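Below: the structure, in structure tokens.
Values quoted throughout were computed directly from the atomic coordinates according to the rules given, and no laboratory measurement underlies them. In this text the structure is predicted, and so the values were computed from the model without any measurement. Positions of Cβ are generated from backbone atoms using ideal geometry, with glycine treated the same way; all protein chains shown enter the neighbour counts.
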Amino acid sequence: MENSEELLKNQRDLGTTETYGQSDQLNNIALNQKLVLFTLGLCLFVDIMGYSMVLPLLPSFATNLGASPFTIGLIISMNAIVTMIFSPLWGKLSDKVGRIIPLIISQIGTVISFILLAFSSNITLIFVSRILDGIFGGQAPIVNAYFSDVTNDRDRHKKMGLLFFGVSLGIIIGPAIGGLLGNINWAIPCLLAALFGTGSIFLTKKYLPENNTRNELINHNPPIRPTQQKKLLKSELSEKRKIFILILSEIFFVNFAFSIINSSLPVYLDIRFDVSADQIGILYTLIGIEMMIFSLLIFKRLIGKFGEKRIFLFANIGMICSFIIFPYLDRFWMIYLFMFFNIFFIMSIKPIIQLRLAKKIPSSSQGSINGWAVNSKYLPKIFAPLITTYYLEIEFLGRINSYFLIGLTSAIIGIMLLALFLLDSGLDKKKSKNESSQI
């Protein structure tokens, strides 16, 4: 566990100072860091569980109210689109006024949206509730920004698993509870999600002290002429823009590669293997369990032993190879093996990108950048299912069939991700050389 001096030193090294509290806040975070990290993981768990508990039941409920398939698709897409618009705004707000107030407001809005959904008696109210949930969908960028605030570069990878564990647990438990209680009454899962959200608000208020930081310009050098200052500022902005674009592109491509197959996996399994819903449910449960075990127990050990770069390269190349063999999986048991390794590779890459984001982006911009990162995750969820389902409608043309196109597209995306990572690593190496030459 870090002590307060280490936290203060880390912030000074980053060129940041406290804005919304005194040094006792740093002491509180240092003394209660495990509880703080647990609460952050719980916030994500509640957010994901509430969403995954309600979403599978939404189509049947909307159909009973007379919604067409297109309307149902619009309800689901509308939530994602509104979330994409408002996530960067929530993140930017947390950079300006602190993390906790925006986080609690976001949680309250989500609770209200679930209560409204529980008592929706027509399609209009369902639309309003899902749009409201999207407007207040700021938990993920704020939690990730707060996590970056209270951890340092040295041991952040050891604690990252707890956040991903919360997400994985929510993915597993949500659909199970939703399916069980939804058969009794549609309103029960919605109200239960609201109850969990309310509990999360109290935990946030009790255990998460305000810890927002803001960059402060500290200049110990002689005065710089206006022309020189302008050049330096331009150079600095250009460098930040490159980092910003590269990291968001990496987030986009890893989620795109994941979504190409996983977003339409039930449709693919039904067409190719004619499997039952129970078999698909078992597969998803096993995937969720693997994600939990990897996040909590394996990831930090891998990074500690081999380092971020080696793990990323190994996982990225392994992911590309798994996509190449995807078209040739002609037995259902092969899908279990494929998903086991594919999830292992994906779960190795995702947290490394998040770690790089936390390391490279200043604390004063963590909220807004994490907001844009949410967009980079949501965009593939919108387009990937359309691409995959379009491929599945294509007739067989010898070896060039729909499965081949799915595997090929995923492999190309994986190669693009690898190219971005190598470019990013090259820029890091170049920057280190320049800094060494200036010493």
Ordering of 302-315, 246-259, 154-167 by packing [mean C-beta count within 10 Å, highest first] = 246-259, 154-167, 302-315
ARG331 and LYS96 label points (each 7 Å along its Cα→Cβ direction) are spaced in nm at 6.0 nm
Treat the count of other C-beta atoms within 10 Å as a stand-in for reagent exposure and order LEU58, LEU269 from fewest to most.
-> LEU269, LEU58
Would you calculate the separation in nanometres between label points at PHE306 and ILE271, each defined as 7 Å from the Cα along the Cα-to-beta-carbon direction?
-> 3.4 nm
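Magnitude of the Cβ-charge dipole of the stretch 267-381, K/R +1 and D/E -1, about the Cα centre, nearest 20 debye? Present the calculation step by step, with values, prior to reporting the outcome.
Numbers: 13 positive and 6 negative charges, 165 e Å.
Computed charge dipole of the stretch 267-381: roughly 800 debye.
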ILE298 and ILE105 label points (each 7 Å along its Cα→Cβ direction) are spaced in nm at 4.1 nm
Above-threshold pairs, the threshold being 19 Å between Cα atoms, out of LYS205/LYS360; LYS359/LYS430; LYS34/LYS206 | LYS205/LYS360
Computed FRET efficiency, Cβ-Cβ of LEU427 and LYS205, R0 56 Å: what is it to the nearest 0.05?
-> 0.85
Per-residue Cβ neighbour rank within 10 angstrom, fewest leading, ASP133, ASP330 = ASP330, ASP133
